[in-house]
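> Would you mind keeping the following structure in view while I ask a few things?
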Amino acid sequence: MFLGILGLVVVAFIGYWLFLAGAQSGPVRAQAATTDPVKPPPASPAALGSVAPSIPQPSLASRLAATAAARDLDPEAVRNVFLPSESWLSQGAKGQPAASLQASSTQDFLRKHQLTSVILSGAGGSVTIGNRVVQVGQEVDGYRLISLTQDSATFRCGDDVAELKLESVAGQANP
């Protein structure tokens, strides 16, 4: 049985070399024709028009200033569209004045966050609040860290100021 299979394999191998592979065994060299590259027709000066590199284009800032001058617009009188409306700031939920909302939001901020460490450095330092490290100038829930002492961190949100203090460890007083 083994010899029969071996015989078939040998016959198939010889048939492959005689009829399919032929005399071309190995890589075949490809031939390529050389041609002259196609050159685009010369462009007329009128077609170049606005893309001429010798004419500098004005900057966006200068074009906006020219448009404002042409339309007699005062840039200081234009409202900043990214600021919330005064009516949104003056009234809170259910008609509460904004001041009472700020007071309650300060209490919420103090209740929600716990100061766990203070690191003072020449660059202002940083604090750890929960699992988050915050550097002076960064914000937490809308409150910006503005100053540090050895045992406290002061945050500001608008006119509202919140101070988080380190809790003293049992048996130790804060330095």
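> Within the range 48-65, take every residue that is at pLDDT below 65 and small (Gly, Ala, Ser) and give me the one that is farthest from Gly158 (Cα to Cα).
Gly49
> From the list Ala30, Ala68, Ala77, which residue is modelled with pLDDT of 75 or more, among the aliphatic types (A, V, I, L, M) and more than 30 Å from Val140 (Cβ to Cβ)?
Ala68 is the lone residue from the list that is modelled with pLDDT of 75 or more, among the aliphatic types (A, V, I, L, M) and more than 30 Å from Val140 (Cβ to Cβ).
> Being surrounded by fewer than 10 Cβ atoms within 10 Å (Cβ to Cβ), modelled with pLDDT under 80 and out of contact with any Phe, Trp or Tyr (no Cβ under 7 Å at 6 or more places or on another chain) narrows it down to one residue among Phe2, Phe19; which is it?
Phe19
> Right, next: Any residue in the range 125-147 that's closer than 12 Å to Leu164 by Cα and in contact (Cβ under 8 Å) with a residue 24 or more places away in the chain: show its pairings with residues that are of a type in the set (Lys, Arg) and surrounded by 13 or more Cβ atoms within 10 Å (Cβ to Cβ) at Cβ separation under 8 Å, as long as the two are six or more apart or on different chains.
Tyr143/Arg156
> Can I ask one more? Residue by residue through the range 129-166, note down the ones that are within 16 Å of Leu110 (Cβ to Cβ), in contact with a Leu (Cβ under 8 Å, 6 or more places away or on another chain) and surrounded by 16 or more Cβ atoms within 10 Å (Cβ to Cβ).
Result: Ile129, Val134, Ala153, Thr154, Phe155, Ala162, Leu164, Leu166.
> Within the range 119-128, can one find any residue that is surrounded by 12 or more Cβ atoms within 10 Å (Cβ to Cβ), in a strand (DSSP E or B) and either at positive phi or hydroxyl-bearing (Ser, Thr, Tyr) (or both)?
Among the residues of the range 119-128, at least one is surrounded by 12 or more Cβ atoms within 10 Å (Cβ to Cβ), in a strand (DSSP E or B) and either at positive phi or hydroxyl-bearing (Ser, Thr, Tyr) (or both), which makes the answer yes.
> Within the range 140-149, which residues are of a type outside the set (Phe, Trp, Tyr) and either touching a His at 6+ places or on another chain (Cβ under 6 Å) or modelled with pLDDT of 90 or more (or both)?
Those that are of a type outside the set (Phe, Trp, Tyr) and either touching a His at 6+ places or on another chain (Cβ under 6 Å) or modelled with pLDDT of 90 or more (or both): Arg144, Leu145, Ile146, Ser147, Leu148, Thr149.
The values are calculated or read from the model by the stated rules, or taken from the named source; none is laboratory data. Note that the coordinates shown come from a computational prediction; the quantities given were computed from them, not determined experimentally. Note that each Cβ is placed from the backbone with ideal geometry, even for glycine, and that neighbours are counted across all protein chains shown.
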